[in-house]
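*Asks:* I have a structure here, written as structure tokens, and I will follow up with some questions on it.
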Amino acid sequence: MKQTRVIAVLNQKGGVGKTTTTLNLVHGLSRKGYEVLAMDLDPQGQLTSSLGLMKRDIGGLEKALLNGTQIAEVTYPVRENLKLVPAGHGLSEIEDRSEGGSSRGMMLRNILVDIKGQYDFIIIDCPPSSGLLVVNALFAVDEVIIPMTGDYLALQGLSHLMSTLRNFEKVLGHKYKEWIVLGRFQARRKLSQEVKGKLKEYFADNMLLTEITESVLLAESPGFGKTIYEYRPSSRSAKEFESLVDDFIIGRTH
Ligand SMILES: Nc1ncnc2c1ncn2[C@@H]1O[C@H](COP(=O)(O)OP(=O)(O)O)[C@@H](O)[C@H]1O
Ligand SMILES: [Mg+2]
């Protein structure tokens, strides 16, 4: 039995780098020999396609959540040591489900009970919303990775997200470990530096040390179904993500 770390990559804002972070984190961890399960909880399925799994009609997480399909039946090997539960068609229907009472937020948590212990890491790429899918993620995980961009609206969004997390903690009766990742960073932009400064002021212990610089390579690689280590292994972006992976493993913050 492994001590499984279960993590949601979460931010209600779209375009902040959740999927990019998940993609290169899960592959980075698996390349180090860890057993990793990635779950695509976003109906848009971008993590699924970024990992090169094109056949979304094979079915995915929605089957396990709604039809009681065994999670193993919708788990696909995508790299050495890395498996994926893709987002199949129909996942979006869960988002606005109203039947099922309070247990409808526990569907993912109940599924994970069966497979916890098989992996070193289970990492869930969340949709940019605060609907039922994200509620399911928050009931299922112990840790949250919050990708952040360097602008003021992102800061406002963060305080809202933090208060949501505090509310879930009350219901769950335990605290999350929270990790902030500064992605899409532009070192020469004054605003990026200011936002970084503010984050360090309030969240230094949560901020992973390595920031991910804005780079077109990170935007290109998903189109080829590749992670950054495959697309441009010697690039600055690949090195940054390797360093971020180490930060995350050992909890190295500012
Ligand atoms: N560091 C980065 N440099 C350049 N482009 C990035 C970077 N991080 C993300 N992107 C691009 O920005 C867009 C949004 O990123 P994505 O990871 O999909 O965000 P989210 O999952 O939060 O919606 C995508 O087109 C992605 O390729
Ligand atoms: Mg995404």
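The values are calculated or read from the model by the stated rules, or taken from the named source; none is laboratory data. What you see is a predicted model; the values in this text were computed from it and never measured. Don't worry about glycine lacking a Cβ; one is built from the backbone with ideal geometry, like all the others, and counts go over all protein chains shown.
*Asks:* Can you pull out every residue in the stretch 10-55 that is in a loop (DSSP other than H, G, I, E, B), of a type outside the set (Lys, Arg) and farther than 27 Å from residue 195 by Cβ?
*Replies:* Matches in the stretch 10-55: 33, 34, 35, 43, 45, 51, 52, 53, 54.
*Asks:* Within the stretch 72-92, count every residue that is among the aliphatic types (A, V, I, L, M) and either surrounded by fewer than 19 Cβ atoms within 10 Å (Cβ to Cβ) or out of contact with any helix residue (DSSP H, G or I) (no Cβ under 7 Å at 6 or more places or on another chain) (or both).
*Replies:* 2
*Asks:* Considering only residues that are part of a loop (DSSP other than H, G, I, E, B), within 9 Å of ligand 1 (Cβ to nearest atom) and within 19 Å of the chain's Cα centre (by Cα), which ones fall in the stretch 212-234?
*Replies:* Answer for the stretch 212-234, where residues must be part of a loop (DSSP other than H, G, I, E, B), within 9 Å of ligand 1 (Cβ to nearest atom) and within 19 Å of the chain's Cα centre (by Cα): 212, 214.
*Asks:* Turning to a different aspect of this structure: Pull up the stretch 123-152, narrow it to residues that are of a type in the set (Ser, Thr, Tyr) and assigned to a loop (DSSP other than H, G, I, E, B), then point me to the one that is surrounded by the most Cβ atoms within 10 Å (Cβ to Cβ).
*Replies:* 149
*Asks:* Among the residues of the stretch 182-209, write down those that are free of Cβ contacts under 8 Å to residues at least 40 places away in the same chain and either under 16 Å from residue 23 (Cβ atoms) or under 17 Å from the mean Cα position of the chain (by Cα) (or both).
*Replies:* Selection gives 182 alone.
*Asks:* Pairs only if they're at least six apart or on different chains, beta carbon under 9 angstrom, first in the stretch 166-181 and more than 25 Å from residue 245 (Cα to Cα), second surrounded by 13 or more Cβ atoms within 10 Å (Cβ to Cβ) and of a type in the set (Ser, Thr, Tyr); list them, first residue then second.
*Replies:* Partner pairs satisfying both residue conditions: 168/176; 169/176.
*Asks:* Among the residues of the stretch 186-201 satisfying the criterion of being out of contact with any helix residue (DSSP H, G or I) (no Cβ under 6 Å at 6 or more places or on another chain) and outside any helix (DSSP H, G or I), which is surrounded by the fewest Cβ atoms within 10 Å (Cβ to Cβ)?
*Replies:* Going through the qualifying residues, I end up with 188.
*Asks:* Testing residue 150 on (1) more than 16 Å from ligand 2 (Cβ to nearest atom); (2) modelled with pLDDT of 95 or more; (3) touching a helix residue (DSSP H, G or I) at 6+ places or on another chain (Cβ under 6 Å), one condition comes back false. Which one is that?
*Replies:* (2)
*Asks:* Can you pull out every residue in the stretch 113-131 that is within 16 Å of ligand 2 (Cβ to nearest atom) and more than 13 Å from the chain's Cα centre (by Cα)?
*Replies:* 129, 130, 131
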